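The values are calculated or read from the model by the stated rules, or taken from the named source; none is laboratory data. What you see is a predicted model; the values in this text were computed from it and never measured. Don't worry about glycine lacking a Cβ; one is built from the backbone with ideal geometry, like all the others, and counts go over all protein chains shown. These accessible areas exclude ligands, DNA and RNA; they are computed on the full protein's heavy atoms, side chains included. Shrake-Rupley method; radii C 1.70, N 1.55, O 1.52, S 1.80 Å.
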Amino acid sequence: MTQFNVTGMSCAACSARVEKAVSALPGVDTCSVSLLTNSMGVEGSVDPAAIIAAVEDAGYGASQKGVEATSAAMDEDALKDRDTPVLKRRLIASLGFLAVLMYVAMGHMWNLPLPAVLAHDPVSLGLIQLLLAAIVMVINQKFFISGFKGLIHRAPNMDTLVALGSTAAFGYSTAALFRMAHLQSMGQMEEAMGMLHEFYFESAAMILALITVGKLLEARSKGKTTDALKSLMRLAPQSATVERGGKEVSIPIDQVRRGDIFLVRPGEHIPVDGIILEGEAAVDESALTGESIPVDKVQGDGVSAATVNQSGFLRCEATRVGQDTTLSQIIQMVSDAAATKAPIAKIADKVSGIFVPAVISIAVVTTIVWLALGHSVGFALARGISVLVISCPCALGLATPVAIMVGNGKGAKNGILFKTAVSLEKTGKIETVVLDKTGTITKGQPAVTDLVPAPDVEEERLLALALALEQKSEHPLSRAILSYAEEQGVTPQEVTQFQILPGNGLTAMLEDKPLLGGSLSFISDQVAVSTELEQKAVALAEEGKTPLLFCYDNALLGIIAVADIIREESPEAIRQLQNMGLRVVMLTGDNPRTAQAISKIAGVDEVIAGVLPQGKEAAIRQLQESGPVAMVGDGINDAPALTRADIGIAIGAGADVAVDAADLVLMKSQLSDVPAAIRLSRATLRNIHENLFWAFFYNTIGIPLAAGVFISLFGWQLNPMFGAAAMSLSSFCVVTNALRLNLFDLYDPKHDHPIHHKAHKSNPTIIQEEETNPMEKTMHIEGMICPHCEARVKKVLEELPEVTSALVSHESGTAVVTLNAAVSDDKLKAAVEEQGYTVNAVN
């Protein structure tokens, strides 16, 4: 998306005009204009110069964002509130002259004294009013320049309504002044004094002043809606300490290059994304993820720009700089979302496009009707002017974008990034949430879950001897045991004659005695396993865990179970989703037994297990038959399913926020952010509905009231000045209502309610995907003992260009390979055996 700054827009009619002009260019796919940020996003193959020319032909100005900036995403100056100071000066000057005008024009109503020369000379009184009103009009000349310019380009806007109303009042009053002067010159002083009631100079000036008040309030409020984005931009460090020629040098941030070595001391911000080469530290990442607890970082870990080193000295290598840093991509994502439009905004856009011409027509008709009914020109003109100044297309145009901007900023502060306004709107409308198991419901890393020592064996001894054996293995299950032992403060003993027996386990010698570890079948062949421990191992396996048995000196030590454990917050997050009336489905390539074990703990409504990679996309398509679907995955392996879903949610993507397949990126690896995102979307939608209701209701009631429809019924007659005041407040009310979203607690489930009521199943349905393909081969493999072995075999097979997918099971010792082209058995066999497994047959 190419972004542009647009100048000269004053209301929704202006943005609609610009959007229409650019959309008409050949090669433009989509164009979205934001009145809130005075920006435009264009997608397509069009020369930026042609786009700028089209905007200028429509009567506005445009410039491409970030052409000269090193980082367009970090150009905070583009969001600077320039309108408020200007409007403030205009308002102060206007009110000064308006106060004098009101005293002269209406002081007699409160018996306020006037100079004698004015009290008895109505023409002089009228000339003073004309002069003061003209000064106020000159101060607020922007309304007239913009308004009549739009009229000349046949694109009238809100300023056109204000300019026409003020000009009509001023013009009529001037004509009345000339008539008064004629009467006074004829000596008809009583008739001349009566003409004072035909003056609307104070209305002409008051309209401008009140609209300026509204514009000022609106500008201040609009400035607050971009606070979240501006606060993100302020996080970017301005300098970095790097090593150059063996010395420490402080350089501007835009001079840091990929591969540079930079240094970060305690209390300093990390300048760019990088990898730690030396040092350890606790890093505060709350600016990016919203997580307040510091994260411990060690050598080899990644660090992100704008996070804070709270303790320890770090020496790092820069990996991402400029617009490629995580912070820059977050800012760009929030900015892009603000530059797009939600589908709900189309209603307001369509109305805004015809609103101003319709209002002008209504004002003309109103004036003519009242004249035809026999009323004076002044009375009829007052009704027409009231119609012009009370009508407010801005409230319609701002109803959606201000809520989208505030909602998007609120999400960004909490590590929830909506890529577009469309995704922010659609997230709240989903009916089914599909969760990938590994890395989403579970942590995605094996961990020790159970220690079951044999009789007369202590847990400490079982863990110490298991650690001694596993410390030399690189297997994921071994690393899980090493991590657990480290947490428990166990020191490993040295072993000799260490050997890996693929598919069985490990062996070594400790103090000249054999130490063994591995599967139940392997250990059962070495030592006697009691019925009780054998049943326990089987029970652990049925729970989706991998039981590892250990023996030393021909005596059984016990069982250590390892599994990809469920995230602590997953059951509660799933329960919250269900309380919202959503159907929760777990989608996994695991076997039904493991899926069943996880589903019981997580509490999902349905499980689809044994799914091939291409089957995930098909499963999403099938689920969409019953309503909109959100898919939650890691954003990489699940790309086809994320793209197919109505809303693709990438969870735990903090290391790479630009996940093309996802519509929504969750910076924290927390499933609780999924219901939070849905809550925020629903709250934003409610706010938009409130804003649109107010905008339509205001104009629906205000225009007939101004036209005098209720005069004969209730005697309600609207002075043009009060019409201008109402117009000023309408936009302010819409923006202020949107700002209430900043007070919304998106993690509070107290007010959750189901939009689509469903009867959730108490027991999840387990569906095993079965797909047939004429080009399949089944490999019989020996040596796989756990799901991680499965993953290794699956990975090497699917890396072959002829292989579409591989369904691997360590329990059956098979790999069902789906092919897209002919491949030799030897090639398949070699790929697997290079990983240390034995292929007995391929058929």
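Once you reduce the range 241-302 and the range 162-222 to the center of their Cα atoms, the two points are 64 Å from each other. Expressed as a whole percent, the accessible surface of the chain that belongs to carbon and sulfur atoms is 55, based on a 1.4 Å probe. For the chain, the solvent-accessible area with a 1.4 angstrom probe is 43 square angstrom per residue. Could you tell me which helices of the chain pass both thresholds, a Cα extent of 24 Å or more along their own axis and a mean Kyte-Doolittle hydropathy of at least 1.0, with helices taken as whole DSSP H runs? Counting only whole DSSP H runs, the qualifying helices are 83-106, 122-139, 345-372, 720-739. Is the shape of the range 445-551 best called rounded, prolate or oblate, per the rule: a/c under 1.5 gives rounded, else a/b larger than b/c gives prolate, else oblate, with a ≥ b ≥ c the square roots of the Cα gyration tensor eigenvalues? It comes out rounded by the Cα gyration axes. Summary of packing: across the peptides 741-748, 354-361, the per-residue average of other C-beta atoms within 10 Å ranks them, highest first, as 354-361, 741-748. Computed about the Cα centre, the dipole magnitude for the range 416-529 is approximately 760 debye when only Lys and Arg (+1) and Asp and Glu (-1) carry charge, each at its Cβ. Computed about the Cα centre, the dipole magnitude for the chain is approximately 4520 debye when only Lys and Arg (+1) and Asp and Glu (-1) carry charge, each at its Cβ.
Among the listed pairs 88/419; 472/545; 437/794; 65/149, give every one whose C-alpha distance is greater than 27 Å.
Numbers: 88/419 35 Å; 472/545 22 Å; 437/794 17 Å; 65/149 25 Å.
In this structure, 88/419 exceed 27 Å between Cα atoms.
Are any of the pairs 600/777; 142/410; 215/350; 616/777 more than 27 Å apart by Cα-Cα distance, and if so, which? From the list (600/777; 142/410; 215/350; 616/777), the Cα-Cα distance tops 27 Å for 600/777; 142/410. Pairs exceeding a 29 Å alpha-carbon distance, out of 513/795; 20/413; 429/668: 513/795; 20/413.
Where (i) 27.5, 94; (ii) 30.6, 97; (iii) 36.1, 133 are the candidate values, the label of the one calculated here for Rg and Dmax of the Cα atoms in Å is (iii). Think of the chain as a dipole: +1 on every Lys or Arg Cβ, -1 on every Asp or Glu Cβ, centred on the Cα centre; then among 505, 240, 733, 733 lies furthest on the positive end. From most to least packed by mean Cβ count within 10 Å, the peptides 579-590, 638-649, 465-476, 507-518 give 638-649, 579-590, 465-476, 507-518. Peptide packing for 697-706, 415-424 was compared via the average number of neighbouring C-beta atoms within 10 Å per residue; ordered from the highest value, the list is 415-424, 697-706.
With a 1.4 Å probe and all protein chains in place, put 9, 775 in order of accessible area, largest first. Working shown, then result.
Numbers: 9 20, 775 75 Å².
Putting 9, 775 in descending order of accessible area: 775, 9.
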